[in-house]
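Some notes on the structure that comes next.
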Amino acid sequence: MRFLRMALVLALGFTLVSVVPAQAASGGHTPDDQPLPGYTIVNPPLTPATVGGKPASVLQGVHTHAGYTIEVPPNWNGKLTMWSHGFAGQGKVLGVQEPAFGLRQRLLDQGYAWAASSYYDNGYDVRAGVVTTKELVSLFGKLVKRPKQVFIAGASMGGHIIGRSLEEYPGLYAGALPVCGAMGDHTLFDYFAGYNLLAQDLADGPAYPFPADYATNAVPRIQQALGLDKLKPGGPDTLNALGNQLRAITTNLSGGPRPGSDASFVFWKDFLFGIAALSTGTGDLAENPDRAATNLFTRYSPNAPADVNRTVQRIVPKDVVGRFSPALTQNPQIQGTPTVPVLSVHGIGDLFVPFSMEQTYREDVARHGRTGLLAQRAIRTANHCEFDAKEIGSAWDDLVTWVDRGKRPAADVVSDPKVVASPTYGCRFTDKAATDGTRALFPACP
């Protein structure tokens, strides 16, 4: 699809230009150890973890306009893991998040130090995450000691940050662990836009650009027209033929038929309307990443009973530069050119950052002949980033072994529709002892 993106640029007659980083845009007047104007950093003292009966060492402060936390175990092995957090909303309060899924203690127990940045900006600002995480690696070397090896792990938007970081700074990171990551860059926002445009088309309720009362006026009428309004978890299937078509298309857009797909649709159907309702249509890409979205080249399936490929509203990116520039924008491209091992973990029922992100990333990596550096694992959950410590901990351990010994770990196939549609898909790496959350939406694994 990359050549189609460039074709669109040429067809519209736009010229790509470089993007000015936020620090430069601020005029350079804000001291490095202060947040940018309008922002506040909240990073309360972190109680050191206990490692082998001794407390770890914690360092906290502000660097490159972002808050940071560093934790070093008493038996430090000289290695460092960076944690890249996900989308933190559009507010002006910056916060630091510690490694999730039990990774903080696991890293320290294994002798790894970890560090995390708040980034200098909120919103969907991948550039801020890429830059401040790299700068924090440099600061770690000054405050502690230059690490002999650096890993990077993170979740959700943090996955987008990881994918671009590996390409922006080749040689800096030794291995990567993105989980529930937005590895398909702009295609995530194509998916959000497509869901809403398709629902509008099927319900004969055009509402794009999204009006201010989209959530309270247009959406209820769309839901009622398709039978979505009465579709509840565990309840009867209330969808009419057109509503069923929307569900089937959404399943295909999010990764194809797979276990739990119908139940996952019920879980997420309303939320996907809310994503569009939050958009103002103005501002930069961090505030409105949907400005880079398009469905111009998307062919939807199934295309019956309604011929949506003929009737759906087609949109071009409002921010063409943000969509097609190879530069490190707030919402940048991931080309698929990792130079180190990447072990990616994703929930198959996640329709917020859908499983198709893994398929898109693999397609990009395969195009560059680098699939030997990519291993992907499917987990049978529907909520976003719904993993337990065992699932992510084992992935981390396998990544480290891969980096240290060169042995690619076991992984799932994500690109073969027949494999993904198997009733047991996702069972291999799902913790069978975990029963909470949305796991009950999936049939028990054998």
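Where in the stretch 59-107 are there strands (runs of 3 or more DSSP E), lying wholly inside it, with at least 1 residues that are under 19 Å from Tyr124 (Cβ atoms) and open to solvent by 50 Å² or more (accessible area, probe 1.4 Å)?
On the way: elements: 66-72, 79-84, 93-95.
Strands (runs of 3 or more DSSP E) meeting the threshold: 93-95.
Checking the condition in contact with a Phe, Trp or Tyr (Cβ under 9 Å, 6 or more places away or on another chain), modelled with pLDDT under 95, crowded, with 17+ Cβ neighbours inside 10 Å and not in a loop (DSSP other than H, G, I, E, B), which residue from Ala276, Ala286 passes? Before you say what the answer is, go through the steps one by one.
Details: Ala286 fails: not in a loop (DSSP other than H, G, I, E, B).
Residue meeting the stated conditions: Ala276.
Could you run through the stretch 193-202 and say how many residues are open to solvent by 20 Å² or more (accessible area, probe 1.4 Å) and either in contact with a strand residue (DSSP E or B) (Cβ under 6 Å, 6 or more places away or on another chain) or farther than 14 Å from Asp307 by Cβ (or both)? First the steps, then the outcome.
Within the stretch 193-202, the subset open to solvent by 20 Å² or more (accessible area, probe 1.4 Å) is 201.
Subset that is either in contact with a strand residue (DSSP E or B) (Cβ under 6 Å, 6 or more places away or on another chain) or farther than 14 Å from Asp307 by Cβ (or both): none.
So the answer is 0.
What residue, of Thr430, Thr435, is under 25 Å from Arg104 (Cα atoms), without any contact (Cβ under 8 Å) to a residue 40 or more places away in the chain, part of a loop (DSSP other than H, G, I, E, B) and of a type outside the set (D, E, K, R)?
Numbers: Thr430 fails: without any contact (Cβ under 8 Å) to a residue 40 or more places away in the chain.
Just a single option satisfies the conditions, and that option is Thr435.
Of all residues in the stretch 302-324, which are small (Gly, Ala, Ser), surrounded by 14 or more Cβ atoms within 10 Å (Cβ to Cβ) and part of a loop (DSSP other than H, G, I, E, B)?
Quick first cut of the stretch 302-324, residues small (Gly, Ala, Ser) only: 304, 306, 322.
Restricting the remaining residues to those that are surrounded by 14 or more Cβ atoms within 10 Å (Cβ to Cβ) gives 306, 322.
Matches in the stretch 302-324: Ala306 only.
Give all pairs with beta carbons closer than 7 Å in which a residue from the stretch 70-96 that is more than 17 Å from Pro35 (Cα to Cα) meets a residue that is among the basic types (Lys, Arg); count only pairs at least 6 apart in sequence or on separate chains.
Pro74/Lys54; Gly78/Lys148; Lys79/Lys148
Quick one: which residue in Ala327, Ala375, Ala389, Ala306 is small (Gly, Ala, Ser), at pLDDT 95 or above and touching a strand residue (DSSP E or B) at 6+ places or on another chain (Cβ under 7 Å)?
Working: Ala327 fails: touching a strand residue (DSSP E or B) at 6+ places or on another chain (Cβ under 7 Å); Ala389 fails: touching a strand residue (DSSP E or B) at 6+ places or on another chain (Cβ under 7 Å); Ala306 fails: touching a strand residue (DSSP E or B) at 6+ places or on another chain (Cβ under 7 Å).
It is Ala375.
Does Thr187 count as of a type in the set (Ser, Thr, Tyr), open to solvent by 40 Å² or more (accessible area, probe 1.4 Å) and either modelled with pLDDT of 95 or more or closer than 21 Å to Glu363 by Cα (or both)? Walk me through it before giving the result.
Details: of a type in the set (Ser, Thr, Tyr): yes; open to solvent by 40 Å² or more (accessible area, probe 1.4 Å): no; either modelled with pLDDT of 95 or more or closer than 21 Å to Glu363 by Cα (or both): yes.
Against the criterion (of a type in the set (Ser, Thr, Tyr), open to solvent by 40 Å² or more (accessible area, probe 1.4 Å) and either modelled with pLDDT of 95 or more or closer than 21 Å to Glu363 by Cα (or both)), Thr187 does not qualify.
Here are the criteria: (1) over 30 Å from Arg439 (Cα atoms); (2) modelled with pLDDT of 95 or more; (3) open to solvent by 10 Å² or more (accessible area, probe 1.4 Å). Tell me which single one Asn295 does not satisfy.
Condition not satisfied by Asn295: (3).
Under 8 Å between Cβ atoms, which residue pairs at least 6 apart in sequence (or on different chains) link something in the stretch 247-272 that is without any contact (Cβ under 8 Å) to a residue 24 or more places away in the chain with a partner that is of a type in the set (Ser, Thr, Tyr) and open to solvent by less than 10 Å² (accessible area, probe 1.4 Å)?
none
Check whether at least one residue in the stretch 261-272 is over 15 Å from Ala248 (Cα atoms) and in a loop (DSSP other than H, G, I, E, B), and report yes or no.
The answer is no; no qualifying residue exists.
Give, as residue ranges, the helices (runs of 4 or more DSSP H) completely inside the stretch 115-227 that count at least 3 residues that are without any contact (Cβ under 8 Å) to a residue 40 or more places away in the chain.
Values: elements: 126-143, 157-168, 187-202, 219-226.
Of the helices (runs of 4 or more DSSP H) lying wholly inside the stretch 115-227, those with at least 3 residues that are without any contact (Cβ under 8 Å) to a residue 40 or more places away in the chain span 126-143, 219-226.
The values are calculated or read from the model by the stated rules, or taken from the named source; none is laboratory data. Because the structure is predicted, anything quoted here is derived from the model rather than measured. Cβ coordinates were reconstructed from backbone atoms using ideal geometry, including for glycine residues, and neighbour counts include every protein chain displayed. In case anyone asks, the SASA skips ligands and DNA or RNA and just uses the protein heavy atoms, side chains included. Shrake-Rupley method; radii C 1.70, N 1.55, O 1.52, S 1.80 Å.
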